[in-house]
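The values are calculated or read from the model by the stated rules, or taken from the named source; none is laboratory data. A quick note: this is a predicted structure, and the numbers were derived from the prediction, not measured. Note: ideal-geometry Cβ built from the backbone for every residue, glycine included; neighbour counts use all protein chains shown. Accessible surface is based on the protein model in full, side chains and every heavy atom, while ligands, DNA and RNA are left aside. Shrake-Rupley method; radii C 1.70, N 1.55, O 1.52, S 1.80 Å.
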Amino acid sequence: MLAVIEKSTGKIVGQVGILPRDDVSDFREFEIGYSLKPNYWGKGYGTEMAIQMKKFGFENDVSDRFISMINKENEASIHVAKKNGMKLLFDMHYYEMEMFVFGLER
C-alpha cells in the first residue's frame with residue numbers, strides 16, 4: 001500500500017494500492033484497495049485514489065482486470081467503484097463479511 005498525502009497540509013489521509021488476491025475466484029485477481037481516515041471521507045479522495053490506481057495498473061500492465069471488494073453496507077465505496085467504471089461481478093462471503101465484488105477489464 002502507498003501512503004496518500006494531502007498536498008495542502010502534507011498530512012497522511014489514507015492508503016491505496018493494488019493487492020493480489022488468490023482467494024476470490026479461480027484465478028489471481030488484482031484488487032484496487034484503499035482506505036481513508038474518517039476526517040477525509042466524502043471529499044472525493046477515494047474516487048481520485050481508485051481512478052489513479054486503475055490508470056497506473058493498466059499503464060504498467062499489472063493486469064487486464066481489476067476488482068474492488070466492498071462490504072455490502074458500504075454505500076460510499078460502492079459509489080466510488082461505479083465512478084471508477086466498475087460493474088458488480090458477484091457477491092460472496094469473505095472472512096465473515098458479506099461482500100460485493102466489482103470489477104472492470106481493459
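Taking K83 as meeting all but one of (1) open to solvent by less than 100 Å² (accessible area, probe 1.4 Å); (2) closer than 17 Å to G103 by Cβ, write down the number of the exception.
With respect to (1) open to solvent by less than 100 Å² (accessible area, probe 1.4 Å); (2) closer than 17 Å to G103 by Cβ, K83 is out only on (1).
Listed residues D91, D23; which is open to solvent by 30 Å² or more (accessible area, probe 1.4 Å) and part of a loop (DSSP other than H, G, I, E, B)?
Exactly one residue qualifies, and that residue is D23.
Quick one: count up the residues across the stretch 35-51 that are open to solvent by 50 Å² or more (accessible area, probe 1.4 Å) and closer than 19 Å to L104 by Cβ.
Going through the stretch 35-51 one residue at a time, the tally reaches 2.
Go through (1) out of contact with any helix residue (DSSP H, G or I) (no Cβ under 7 Å at 6 or more places or on another chain); (2) not in a strand (DSSP E or B) for T47 and report which single condition fails.
(1)
Could you please give the count of residues in the stretch 71-80 that are open to solvent by 50 Å² or more (accessible area, probe 1.4 Å) and either within 10 Å of the chain's Cα centre (by Cα) or among the charged types (D, E, K, R) (or both)?
Matching residues across the stretch 71-80 total 3.
Do you know which of the residues in the stretch 1-20 that are touching a residue at least 24 places away in the same chain (Cβ under 8 Å) and assigned to a loop (DSSP other than H, G, I, E, B) is nearest to I78 (Cα to Cα)?
Once the filter is applied, the top-ranked residue is M1.
Looking only at the stretch 2-30, count how many residues are closer than 23 Å to F90 by Cβ, in contact with a strand residue (DSSP E or B) (Cβ under 9 Å, 6 or more places away or on another chain) and of a type outside the set (F, W, Y).
Adding up the residues that qualify gives 11.
Are any of the residues in the stretch 62-70 at pLDDT 95 or above, open to solvent by 60 Å² or more (accessible area, probe 1.4 Å), β-branched (V, I, T) and out of contact with any Leu (no Cβ under 9 Å at 6 or more places or on another chain)?
No; the residues of the stretch 62-70 include none that is at pLDDT 95 or above, open to solvent by 60 Å² or more (accessible area, probe 1.4 Å), β-branched (V, I, T) and out of contact with any Leu (no Cβ under 9 Å at 6 or more places or on another chain).
Can you spot a residue in the stretch 52-61 that is over 16 Å from G85 (Cα atoms), part of a loop (DSSP other than H, G, I, E, B), in contact (Cβ under 8 Å) with a residue 24 or more places away in the chain and open to solvent by 40 Å² or more (accessible area, probe 1.4 Å)?
no
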